[in-house]
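Worksheet: one structure, shown below.
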Protein chains: 2
Amino acid sequence: MEKQRPLILVSNDDGVISKGISELIKFLRPLGEIVVVAPDAPRSGTACAMTVNEPIHYALVRREVGLAVYKCSGTPVDCVKLAMHAILERRPDLVVAGINHGDNSAVNVHYSGTMGVVIEGCLKGIPSIGFSLCDHGADADFTPAGPYVREIARQVLEKGLPPLTCLNVNFPVTVNLKGVRICEQAKGQWVREWENFAHRGDSHYYWLTGEFEPTDTENEQSDYWALAHDYVAVTPTTVDVTARSLIGDLQGWFAAPLPPL
Amino acid sequence: MEKQRPLILVSNDDGVISKGISELIKFLRPLGEIVVVAPDAPRSGTACAMTVNEPIHYALVRREVGLAVYKCSGTPVDCVKLAMHAILERRPDLVVAGINHGDNSAVNVHYSGTMGVVIEGCLKGIPSIGFSLCDHGADADFTPAGPYVREIARQVLEKGLPPLTCLNVNFPVTVNLKGVRICEQAKGQWVREWENFAHRGDSHYYWLTGEFEPTDTENEQSDYWALAHDYVAVTPTTVDVTARSLIGDLQGWFAAPLPPL
């Protein structure tokens, strides 16, 4: 019996018609059967949000040999959940998100809908990878990322990933990528995050904006450093967020009986 | 000069008029000045989502000595970001979310808007705690949680938390709480997650539903176990999601030059 080709589930948060997902599909096609289930419109910054207060809907966009593309009215996480439940005919061998138009390194992992896809795939026990390019432009150039995307996906298909871990891969904007660096999540925070404006005399309206301010710029292990130095930043990421180092200390806090309210 | 009372920023994902946040405010008031900035309607399951494609708005709901309440049209994370940027007159000493109507233990930490508040507070460098009760009912009884909420918040105000760590506290539904257990995040996944229905002849509509299936039910360290045995589950949580154990292995993957695309 012929061995089935690997099944790769693809999604993103920029929406099914974004350039980044088209480029991703192109890079991944030689590796297996591709099923795309992606949001029908942009869902940037949706993290692991799910749609709990209304129904969602999906529909086939197009199908050809080795590729089926569906759009979905839900969030990136909804797309993965619904694909697994209702669309895919077998369990995928790999979940891939992206290629995101914009940086998902450092603390952005927490806000990213791209990484929402990846975290959901990982929670379902499937090796999962998110790819992002540090360029928000609708017509960003994903070409230099191509060989890396294919090779990283190929290796994960071949070797798998340990339970509860996934990959967050970010590309700097350069045609001269220096290679891969395995990184840790850079420390820092977003600052100057809101632009205020008034509407009909009410001045309490704000648009989200801001800049990321790293606090460990000299840390050569961080994804921020790797991207600043033209490396592909591969940050292994866990979905077990227990802060084990804190368990012992906290146990001492509650040794005494509680005071009454 | 009189020492200022601690400033506590409170938010949630069930919305500013939920019972859980009213109860939380009541429990916390003896500990300091309270400013509430909470969603103007339910935002359950929004994780760390931010509002990036439209402006958000906030407005004062009420103010009395030691308490100001604002509603905000954004997500839980937006509430924290906007409070820090535009509403609070000084940096808060503590960020508290909840009390959520529903369980945020185990993998739910990734989907929870309650924990979105907490993760955002933590990323801003402020000691942050999320409180949740395993009861979705609008009129759930938060009374037994009261002494624990106050004591845990008091201890965190007094001792702080290490950088990049926060607390995810979940209460079982019982009037006979057996005490606090310091836990790790239970393993498992959501299953049977969608209810299918047809609308105008199109059968591709789905409502999110489902059940959590733990895979480590015998693990007495897990928050799942603690809740099943009537303990208050305190799960220390990190916002540094680097899977450090994987770094060495991955470095070996990319030693050879990449094949061309």
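The values are calculated or read from the model by the stated rules, or taken from the named source; none is laboratory data. Because the structure is a prediction, the values reported are computed rather than measured. With ideal geometry, Cβ positions are generated from the backbone for all residues, glycine too; neighbour counts draw on all protein chains shown.
A few remarks follow.
Every residue, every condition in (1) in a strand (DSSP E or B); (2) of a type in the set (Ser, Thr, Tyr); (3) touching a Leu at 6+ places or on another chain (Cβ under 8 Å), yes or no:
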{"residue": "B:132", "(1), (2), (3)": "yes, yes, no"}
{"residue": "B:140", "(1), (2), (3)": "no, no, yes"}
{"residue": "B:158", "(1), (2), (3)": "no, no, no"}
{"residue": "B:162", "(1), (2), (3)": "no, no, yes"}
{"residue": "B:181", "(1), (2), (3)": "yes, no, no"}
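- Selection from the stretch A:228-254 of residues that are over 16 Å from residue B:185 (Cα atoms), buried (at least 21 other Cβ atoms within 10 Å of the Cβ) and aliphatic (A, V, I, L, M): A:232, A:233, A:234
- Applying the criterion of being of a type in the set (Val, Ile, Thr) and closer than 15 Å to residue B:241 by Cβ to the residues of the stretch B:106-117, the residue that is surrounded by the fewest Cβ atoms within 10 Å (Cβ to Cβ) is B:107.
- Options A:25, A:21, A:56; residue that is in contact (Cβ under 8 Å) with a residue 40 or more places away in the chain and touching an Asp or Glu at 6+ places or on another chain (Cβ under 8 Å): A:21
- Residue B:101 vs. criteria facing chain A (nearest Cβ under 9 Å) and not charged (D, E, K, R): no
- Out of B:54, B:64, B:120, B:89, sole residue that is crowded, with 24+ Cβ neighbours inside 10 Å and charged (D, E, K, R): B:120
- Considering B:207, B:194, B:225, B:190, the condition of being of a type in the set (Phe, Trp, Tyr), at pLDDT 95 or above, surrounded by 12 or more Cβ atoms within 10 Å (Cβ to Cβ) and within 30 Å of residue A:234 (Cα to Cα) is satisfied by B:190 alone.
- The lone criterion from (1) out of contact with any Cys (no Cβ under 7 Å at 6 or more places or on another chain); (2) surrounded by 23 or more Cβ atoms within 10 Å (Cβ to Cβ); (3) at the interface with chain B (Cβ under 9 Å from one of its Cβ atoms) left unmet by residue A:169 is number (3).
- Test set (1) more than 7 Å from chain B (Cβ to nearest Cβ); (2) at pLDDT below 95; (3) in a loop (DSSP other than H, G, I, E, B) - residue A:258 fails condition number: (1)
For every residue, the table says whether it meets (1) in contact (Cβ under 8 Å) with a residue 12 or more places away in the chain; (2) farther than 23 Å from residue A:230 by Cα; (3) not in a strand (DSSP E or B).
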| residue | (1), (2), (3) |
| --- | --- |
| A:115 | yes, no, yes |
| A:155 | no, no, yes |
| A:166 | yes, no, no |
| A:169 | yes, no, no |
| A:196 | no, yes, no |
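- Answer from A:11, A:44 - the residue that is within 14 Å of chain B (Cβ to nearest Cβ) and crowded, with 20+ Cβ neighbours inside 10 Å: A:44
- For the stretch B:92-105, the set of residues classified as crowded, with 23+ Cβ neighbours inside 10 Å and more than 12 Å from the chain's Cα centre (by Cα) consists of B:92, B:94, listed by residue number.
- Meets criteria (facing another protein chain (nearest Cβ under 7 Å) and more than 18 Å from the chain's Cα centre (by Cα)) for residue A:205: yes
- Considering each residue of the stretch B:123-135 in turn, none proves to be among the aromatic types (Phe, Trp, Tyr), facing chain A (nearest Cβ under 9 Å) and crowded, with 20+ Cβ neighbours inside 10 Å.
- In this structure, residue A:190 does satisfy being assigned to a strand (DSSP E or B) and on the phi < 0 side of the Ramachandran plot.
- If you go through the stretch B:1-16 and keep only what is outside any strand (DSSP E or B) and either of a type in the set (Gly, Ala, Ser) or closer than 20 Å to residue B:77 by Cβ (or both), you end up with B:12, B:13, B:14, B:15, B:16.
- Hits in the stretch B:1-22 - residues which are out of contact with any helix residue (DSSP H, G or I) (no Cβ under 7 Å at 6 or more places or on another chain), over 13 Å from residue B:153 (Cβ atoms) and modelled with pLDDT of 95 or more: B:5, B:15, B:16, B:17, B:18, B:19, B:20, B:21, B:22
- Among residues of the stretch B:214-245, those that are within 9 Å of another protein chain (Cβ to nearest Cβ) and in a strand (DSSP E or B), counted: 7
- Where a residue in the stretch A:234-261 is of a type in the set (Phe, Trp, Tyr) and its partner, wherever it lies, is part of a helix (DSSP H, G or I), with Cβ under 6 Å and at least six apart: A:253/B:155
- With respect to the conditions (1) modelled with pLDDT of 95 or more; (2) within 11 Å of chain B (Cβ to nearest Cβ); (3) farther than 22 Å from residue A:17 by Cβ, residue A:157 lacks only one, and its number is (2).
- Test: residue in the stretch B:39-55 that is closer than 20 Å to residue B:20 by Cβ, in a strand (DSSP E or B) and out of contact with any helix residue (DSSP H, G or I) (no Cβ under 6 Å at 6 or more places or on another chain): yes
- Residues in the stretch B:67-86 that are assigned to a helix (DSSP H, G or I) and surrounded by fewer than 20 Cβ atoms within 10 Å (Cβ to Cβ): B:85, B:86.
- Of all the residues in the stretch B:174-187, those that are surrounded by fewer than 16 Cβ atoms within 10 Å (Cβ to Cβ) and either within 18 Å of the chain's Cα centre (by Cα) or at the interface with chain A (Cβ under 8 Å from one of its Cβ atoms) (or both) number 1.
- Just one residue in the set B:215, B:174, B:165 is in contact with a Lys or Arg (Cβ under 8 Å, 6 or more places away or on another chain), at negative phi and of a type in the set (S, T, N, Q); that residue is B:215.
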